[in-house]
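S.K.: Mind looking over this structure? Questions follow.
The values are calculated or read from the model by the stated rules, or taken from the named source; none is laboratory data. Just so we're clear, the structure is a prediction, and the values are computed from it rather than from any experiment. Cβ placement follows ideal geometry from the backbone for every residue including glycine, while neighbour counts extend to all protein chains displayed.
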Amino acid sequence: MSGVYPSNLHGYDVKTNKSRYHNARLRVQDAQKSKSDDVGTAKIESSPPTNKKLISILVVMTVVTWGLATTAYFGVVDYKAILNLGSRDTEPVVESKAETDQVVEADKPKVEAPKTSTKSDSGEKAAKDPGEVTKKKKPKTLSDEDKRILSEIKIGEKLLQQKKGEKAWKFFKDLTKTNPDCPKAKYLEGKAAEMTASQQRSNPMIGLAIEAFSTAVQMKNCPKELKKLSLTAKSENEGFLGRMKPALETQRTLARLYPKDVSILNKLGVRFLMLGKNSAAKKVYQEVLRLAPNDGFALVHMGFIVKQEGSWEEAIPLLKKGTDSNEPGTQEGKFYFHLGDALHRTNRTAEAKAVYEQGAERGLFRSKYQRSLYNVERLTGKPFWTPEEAGVKEYVRRLESNWKSIRDEALSVMDMEKGLFLLEEESLKDTGEWRQFTLFARGHRDENNCRRVPKTCSIIERMPNARGCRRGQVKFSVMMPGTHVWPHTGPTNCRLRMHLGLVIPRTGSGARLACAGEMRTWTEGKVLIFDDSFEHEVWQEAESFRLILIVDIWHPELTEQEKKTLTSI
Ligand code: OGA
Ligand code: MN
């Protein structure tokens, strides 16, 4: 997880799905203090795509004229293989890391527990919605066996309606014990467990809900519609517990059962993305766009994937059409973020600006320049900070008075084995060469690297707001002449970034950094402090390398409690 720009904006964010009831109390407090610290995946999870109507011929025709870029994706679809177990997808699964994050860390519960429906869905005899114009026949969810105990089922449903979770759960548990062949009752036992879990913030209870859904699905007499409900609930609950692989498998089973259900496929795509299986997700969205070419949710996700692949031109119409659709799940910072970035990188700067402004107007960004997606809302945001303002006068004094030994250590690792400095990997670079040597990342010390630069690491060790900054890094950054770094934005407003100038060439046009449009340069032995959640861009136009030490520190307005509980980035 090295680099300036954590992977959450590059890969699909898995971190934000940490919604299990872990550290529940802290997270509730967090949520009250700051509305959003997770603008990533969370919303997708909590507002799944709505069911789409069948496409009409008109819609198909619109899309045919809409552009070659999209039709290109309708080519070879190896979609069936995706639905089968033993996927041929070869991309690495990053689950273990995500899981660790989820277990250890606490964050805003933007992702809510899967909702327990309080509406009676006992099926056939349910009251009609008075606003409903067309009287569609409600699909069957009751087996013959369930019908025999319908009056009991209704009693239990009433308890659910009254939000008496535990009572309902006990009721259905007894009911299914004496009637083990009633899938609807079993499903409702699961719903009751789910409600109890959310009321008691209990993870084991979610486990019981999952078991009940699973049992219901496996019953021979389980009606297809009930299988759909159970599998949907099962996958959501598995995802909620951070069990991403089972959640994917359940969603895949669901998609095999309903291969043309756009809403199910859209969620399947997200499940793949959350496991880093972008190419599998891509095939799913290709299929959705074949079935429903205007589906906003599929468009933004396809655009996101294509943008990650580096196809900026192709990503633009997808992201644009998707965000313009305003459909649920499309109004997310990350889609505006990548649309703006793709526009900027293809020289459509005016349009990029407009997208950023629109994102800010819609509350997806803090401002057109400050586009971090993991924010504590109340924190002051401005591009440049003085040491006093940042509360790091003492840190700055120590860095500046030791700058020569820090520089010499950096040079020694550069000289000895250049291979120690790793290439920036987050496709932020336009031209040239930019390498980094990381000492601390997400609050973890890199023992191997610190052994090579012990003085620098020991200086940092005595700076708790840097050493413990789990939303940042400490690293040397070397940039070769001819390097241009695209305008980019860090992931969070919870850190400020100190740059200590170590080797700053003054030849040619020099090296410089612009943050929120304001140009600065470095001075050897001096610290520059900026907030990298604001858009910044770097040019290296000198004739020899430029070397700095980057030290991230917690934003001075964070409380000690927040520093302990915010998720790592
Ligand atoms: C940063 C950054 C570029 C550099 O610190 O966020 O983009 O010059 N730095 O190392
Ligand atoms: Mn940066």
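S.K.: Using the structure shown, decide if Val527 is modelled with pLDDT of 95 or more, more than 10 Å from ligand 1 (Cβ to nearest atom) and under 16 Å from Thr386 (Cα atoms).
M.R.: yes
S.K.: Now, a different point. On the basis of being away from ligand 2 (no atom under 14 Å from the Cβ) and either of a type in the set (S, T, N, Q) or surrounded by 21 or more Cβ atoms within 10 Å (Cβ to Cβ) (or both), does Ser477 make the cut?
M.R.: Spelling it out, it is not the case that Ser477 is away from ligand 2 (no atom under 14 Å from the Cβ) and either of a type in the set (S, T, N, Q) or surrounded by 21 or more Cβ atoms within 10 Å (Cβ to Cβ) (or both).
S.K.: Would you be able to tell me the number of residues in the stretch 273-286 that are charged (D, E, K, R) and more than 18 Å from Glu249 (Cβ to Cβ)?
M.R.: 1
S.K.: Could I ask something else about it? May I ask you to say which residue of Ser401, Ser458 is among the hydroxyl-bearing types (Ser, Thr, Tyr), more than 16 Å from ligand 2 (Cβ to nearest atom), closer than 21 Å to Arg470 by Cβ and without any contact (Cβ under 8 Å) to a residue 12 or more places away in the chain? Give the derivation first.
M.R.: Details: Ser401 fails: closer than 21 Å to Arg470 by Cβ.
Going through Ser401, Ser458 in turn, just one is among the hydroxyl-bearing types (Ser, Thr, Tyr), more than 16 Å from ligand 2 (Cβ to nearest atom), closer than 21 Å to Arg470 by Cβ and without any contact (Cβ under 8 Å) to a residue 12 or more places away in the chain: Ser458.
S.K.: Among the candidates Ile550, Ile569, single out the residue that is crowded, with 21+ Cβ neighbours inside 10 Å and either within 11 Å of ligand 2 (Cβ to nearest atom) or within 32 Å of the chain's Cα centre (by Cα) (or both). Give the derivation first.
M.R.: On the way: Ile550 fails: crowded, with 21+ Cβ neighbours inside 10 Å.
Being crowded, with 21+ Cβ neighbours inside 10 Å and either within 11 Å of ligand 2 (Cβ to nearest atom) or within 32 Å of the chain's Cα centre (by Cα) (or both) holds for just one of Ile550, Ile569, which is Ile569.
S.K.: Taking Cys494 as meeting all but one of (1) in contact with a His (Cβ under 8 Å, 6 or more places away or on another chain); (2) within 14 Å of ligand 2 (Cβ to nearest atom), write down the number of the exception.
M.R.: If we test Cys494 against (1) in contact with a His (Cβ under 8 Å, 6 or more places away or on another chain); (2) within 14 Å of ligand 2 (Cβ to nearest atom), just (2) comes out false.
S.K.: May I pose another question? Give the residues of the stretch 529-549 that are under 19 Å from Lys418 (Cβ atoms) and β-branched (Val, Ile, Thr), sorted by residue number.
M.R.: Once the filter is applied, which keeps residues that are under 19 Å from Lys418 (Cβ atoms) and β-branched (Val, Ile, Thr), the stretch 529-549 yields only Ile548.
S.K.: Mind listing whichever residues of the stretch 332-351 are surrounded by fewer than 21 Cβ atoms within 10 Å (Cβ to Cβ) and without any contact (Cβ under 8 Å) to a residue 40 or more places away in the chain?
M.R.: Thr346, Asn347, Arg348, Thr349, Ala350, Glu351
S.K.: Could you pull out the residue among Glu314, Glu357 that is more than 17 Å from the chain's Cα centre (by Cα) and more than 23 Å from Glu426 (Cα to Cα)?
M.R.: Glu357 is the lone residue from the list that is more than 17 Å from the chain's Cα centre (by Cα) and more than 23 Å from Glu426 (Cα to Cα).
S.K.: Of the conditions (1) under 18 Å from Leu411 (Cβ atoms); (2) more than 13 Å from ligand 2 (Cβ to nearest atom); (3) out of contact with any Lys or Arg (no Cβ under 7 Å at 6 or more places or on another chain); (4) among the β-branched types (Val, Ile, Thr), Val503 fails just one. Which one is it?
M.R.: (3) is the only condition that Val503 fails.
S.K.: Taking Pro139 and the conditions (1) at pLDDT below 95; (2) farther than 24 Å from Gln218 by Cβ; (3) touching a helix residue (DSSP H, G or I) at 6+ places or on another chain (Cβ under 7 Å), which numbered condition does it fall short on, given that it satisfies the others?
M.R.: The failed condition is (2).
S.K.: Still on this model: At pLDDT 50 or above and not small (Gly, Ala, Ser) - does that describe any residue in the stretch 122-134?
M.R.: Scanning the stretch 122-134 turns up at least one residue that is at pLDDT 50 or above and not small (Gly, Ala, Ser).
S.K.: Just to be sure before I move on: is Glu389 charged (D, E, K, R) and farther than 19 Å from Glu524 by Cβ in the structure I sent?
M.R.: yes
S.K.: Within the stretch 506-522, restricting attention to residues that are closer than 25 Å to Leu373 by Cβ and in contact with a Phe, Trp or Tyr (Cβ under 6 Å, 6 or more places away or on another chain), which residue is nearest to ligand 2 (Cβ to nearest atom)?
M.R.: Cys515
S.K.: Within the stretch 283-301, does at least one residue satisfy the condition of being in contact (Cβ under 8 Å) with a residue 40 or more places away in the chain, crowded, with 24+ Cβ neighbours inside 10 Å and under 25 Å from Glu425 (Cα atoms)?
M.R.: no
S.K.: Please work out which one of (1) farther than 18 Å from Trp554 by Cα; (2) touching a residue at least 40 places away in the same chain (Cβ under 8 Å); (3) within 16 Å of ligand 2 (Cβ to nearest atom) is the condition Leu423 fails and give its number.
M.R.: (2)
S.K.: For the stretch 357-378, give me the residue count where each residue is touching a residue at least 60 places away in the same chain (Cβ under 8 Å) and crowded, with 19+ Cβ neighbours inside 10 Å.
M.R.: Qualifying residue count for the region: 10.
S.K.: Quick check on the stretch 338-356. Is at least one of its residues among the aromatic types (Phe, Trp, Tyr) and closer than 18 Å to Trp486 by Cα?
M.R.: Scanning the stretch 338-356 turns up at least one residue that is among the aromatic types (Phe, Trp, Tyr) and closer than 18 Å to Trp486 by Cα.
S.K.: What number of residues in the stretch 440-497 are hydroxyl-bearing (Ser, Thr, Tyr), within 10 Å of ligand 1 (Cβ to nearest atom) and over 22 Å from the mean Cα position of the chain (by Cα)?
M.R.: To start, the set of residues in the stretch 440-497 that are hydroxyl-bearing (Ser, Thr, Tyr) comprises 456, 458, 477, 483, 489, 492.
Narrowing further to those that are within 10 Å of ligand 1 (Cβ to nearest atom): 477, 483, 489.
This time we only want the ones that are over 22 Å from the mean Cα position of the chain (by Cα), so: 477, 483.
Result for the stretch 440-497: 2.
S.K.: For residues that are touching a His at 6+ places or on another chain (Cβ under 6 Å) and in a strand (DSSP E or B), scanning just the stretch 407-447, find the one that is nearest to Gly340 (Cα to Cα).
M.R.: Restricting to residues being touching a His at 6+ places or on another chain (Cβ under 6 Å) and in a strand (DSSP E or B), the top hit is Asp430.
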